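I have placed the structure first, in the form of structure tokens, so that the comments after it can refer back to it.
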Amino acid sequence: MNKHHIALELPKVLDRLASFTSCEDAKEAALNLEPESNLSLVNVLLQQTADAHMLMAKFGAPSFGGLKNVNNSLSRAGAGSVLNMRELLDIAEVLRVIRSLSEWKDRNSGIVTGIDTYFTSLVPNKFLEDRITSAIISEEEMSDNASPALYDIRRKIRAASSKVRDQLDKMTRSSHFQKFLRESIVTMRNGRYVVPVKAEHRGEISGLVHDTSSSGATVFIEPAGVVEANNEIKVLQSKERDEIDRILFELSAEAGGFYQSIKSSYECAVELNLIFAKAKLAYEMKASLPLVNDKGCINLKNARHPLIDPKKVVATNISLGRDFDTLVITGPNTGGKTVSIKTIGLMSLMAMCGLMLPVSDQSEISVFDRVLADIGDEQSIEQSLSTFSSHMVNIISIIEAADENTLVLIDELGAGTDPVEGAALAIAILEKIHEKGAKIAATTHYAELKAYALETPRIENGSCEFDVATLRPTYRLLIGTPGRSNAFAISLRLGMESGIIDRAKELVSQENAHFENVIESLESSRQSFEEQRARAQELTAQAEAEKREAQQYKDSIEKLRQQELEKAQSQALRIVEQARRSAMALTAELEKLKKESESARDKGEMARRAKQLMKKGFAEFDEITNPVVASAAADENYKLPRPLRPGDEVIVMDIGKAATVLSAADKKGNCEVMAGTMKLRTPQSNLRLTEKTKQTKKPRNVPNKSERVFSPGAEAQTRCDLRGMNVEEGILELDRYIDQCLRLGLGELTVIHGKGTGVLRKGIQEHLRKSSFVKSFRLGVYGEGENGVTIVTLK
């Protein structure tokens, strides 16, 4: 591992990444990740991680458990070797993982991602997986169903074994032999069934001796009567081993034939395991996808060092490379200077490895050819190098390697030697590296470097904020403000005599004192600016909240308007339908009068009746289609009994709604009223005052006489209630309703026959089936009456 990467603690991040992998190859790949310097490749790697991160959020992570490298076994199988049962089971497990990954993606195939190529390259092999798992139960046992021959052999072995045991059981239960036996049991020695016989009676039972006890008091004899049966078992067991070897050879050959497809699928699965491990690490770090460039521009928002406890880490903003190329960070010890430059370097390396960063959205990071760091104490006793010498050796190599595509990070530049010489050397080193075009972040305590940064273009001061009141650092990085040592303030707060502090201040040169005063003034101005900015942000947030609230109110008004519009449209449709029915009824009546006039003697009387009926029908039609206008016209001379006051109950005539007065009439005679949920302004002449003790009728709430006569009839003509009738009565009543519907031009009829025993329903439907006026019929559905009604469609 590169020593600069070690100094920036990249291996520790990769260790955490490796802990999220599921197989050894993926773990090794995680530990050996190397930062990429190609911008396009880095963007691809980051997008793969972001895609996996998104898929995990939507569908959960796929399982990689059981994934292991079986390439060696497959290679030997392809060369003709026979694999053992453990190796074949491992291959089956890898095939199961490959299949589960493919099925997981198929279930979530609606989203196109940058890692789809890996999923489509997976080649599931359910056939080979099932062949292995159905034949092999465990690494020591093969299933009887592995082949018909094996099943038959094992069946014969069980039968022969049962036969031998039965013979020996008879012997052990025989009173003649029991006195010769040590125990009345059947056991096995060398794979053959035997009985334990007392040594002194070994001659009483003829057979073969296979073993003796440790004391010599018992011998294990295979009786002569079962020798042949035991021999048969031995032969069958030999056949069983041969058949198992044959099955293993066959399975191994099949696995070897799929060597290339399984190997490539496994490699894709390992890559997927590594990508999803990156996504899991991103979840743990609450990371986001940064914007990547190759211009050396870094702008990290709310960056959190990934190796610091999330409960303790302080988010900070870090920028470099856009307005300045070199950042000189100053401030007290343990203030966070080293963490700041480590964060810059580590974030760069992580992004170049394809890892999402623990930063806020829209953060920027750059790729570099090299990230060089001189951080920490590298003194070497073996090489007789002091701390200063070891730093210089490292910095010399950094200067030689630095160019415009290099990020250089130096901690405590120029420390470990005489302050005057150290400061001068530090400035010279920064100048040299800056000339080469590298991006630099360095920490120091030297005041000379603060002044150098103030005076030199493209070089900026930075400091880690320190709270003198609490004597604690805040760990916030402040760009553009040089840091103060705060030595006098800290010593005074800790209890040192003020006289000593005053004397120390006298010993500080006037130039240094003036410089510190300037820094103090800058710090004061910065804090004031921070407060003003915080207030501005607060006001902006408040304005945004009010804007959202206003938008929500506007949306609610728009929604209410749409609802009222839909309500009005629905009411208009009902009015049109009612007018249509009245027109149909009027037409039917005119047709009836026409037929009567043909047989009537007094045709003048018939014509008069027809004219009256038409006049009455048109008046009713006008009442239905334009009820408000008719109502207003009928009451044109109405005058308010008194001026309207807020709270009065009124009727708005042009819409026919009750309302409450909100304000008295203005100079133009307009009043503001609330009608339901609508607030509107309307002329006072459009309002009618109501009395709480005497309700005023709304013009449109009570229908006229002809409407009351017609409406129930129109409703009755579409619903025929036959409940309580027998079949004959029901058919007569149904025919009458069908006749009325046909005369009125209605196309659909609802017959209510109830559920009951179903006799009436069956008779009615049989009649409908034969009727020449019926186009179709069906039982009602939920909400119509279900089996209790029949919906009839007429021709």
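The values are calculated or read from the model by the stated rules, or taken from the named source; none is laboratory data. The model shown is predicted, which means the values in this text are computed figures rather than measured ones. No Cβ is skipped: glycine too gets one built from the backbone with ideal geometry, and neighbour counts run over all protein chains shown. Heads up: the accessible areas ignore ligands, DNA and RNA and are worked out on the full protein's heavy atoms, side chains in. Shrake-Rupley method; radii C 1.70, N 1.55, O 1.52, S 1.80 Å.
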Y151 accessible area, 1.4 Å probe, all protein chains in place, Å² to nearest 10: 110 Å²
Proximal lysines relative to K639, as straight alpha-carbon distance under 22 Å, when same-chain residues fewer than 8 apart are discounted: K657, K667, K668, K692, K694, K697, K698
The chain, accessible area per residue, ligands and nucleic acids excluded (1.4 Å, Å²): 55 Å²
Lysines with Cα under 17 Å of K170, excluding same-chain neighbours fewer than 8 positions away: K179
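Can you pull the percent of segment 79-232's accessible area that's carbon plus sulfur, 1.4 Å probe, other chains left in place?
Result for segment 79-232: 48 percent of the exposed heavy-atom area is carbon or sulfur.
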Sequence of R158, R580 from largest to smallest accessible area, 1.4 Å probe: R158, R580
Stretchable slack from L494 to S206, in nm (0.36 nm times residue separation minus alpha-carbon distance): 93.3 nm
Whole-Å distance, taken between Cα centres, linking segment 74-106 and segment 639-684: 84 Å
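Can you give the FRET efficiency for M188 and K126, using 1/(1 + (r/R0)^6), R0 = 56 Å, r = Cβ-Cβ distance, to the nearest 0.05?
On the way: r = 41 Å, r/R0 = 0.73.
With a Förster radius of 56 Å, E is 0.85.
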Residue among I153, S214, Y193 farthest towards the positive dipole end of the chain, charges placed on Cβ: I153
Segment 34-71 versus segment 426-473: alpha-carbon centroid distance in Å: 39 Å
Cα-centre dipole for segment 157-218 with unit charges at Cβ (Lys and Arg positive, Asp and Glu negative), debye to 20: 180 debye
Beta bridge orientation in the chain: antiparallel %, DSSP, nearest 5: 70 percent
With every protein chain in place, segment 352-452: carbon and sulfur % of accessible area (1.4 Å): 52 percent
Listed residues K755, K657, K439 arranged by accessible area, highest first, probe 1.4 Å: K755, K657, K439
P(r) of the chain over all Cα-Cα pairs, binned every 20 Å from zero, in whole percent: 10, 19, 17, 21, 21, 10, 2, 0
Those aspartates and glutamates that a straight Cα-Cα span of less than 18 Å connects to K775, excepting residues fewer than 8 apart in one chain: D735, D739, E748, E766
Computed over segment 5-45, Cα set: Rg, Dmax in Å: 11.4, 29
Where M56, M347 fall by accessible area, highest first, once all protein chains stay in place (1.4 Å): M56, M347
With all protein chains modelled, accessible area of F249 [1.4 Å, Å²]: 110 Å²
Förster-model FRET efficiency, 30 Å R0, Y283 and E400, C-beta, rounded to 0.05: 0.15
Nearest-20 debye value, the chain charge dipole, Cβ charges on Lys, Arg, Asp, Glu: 5800 debye
Heavy atoms of E506: accessible area, 1.4 Å probe, square angstrom to 10: 130 Å²
Cα centroid separation, segment 738-752 to segment 253-283 (Å): 71 Å
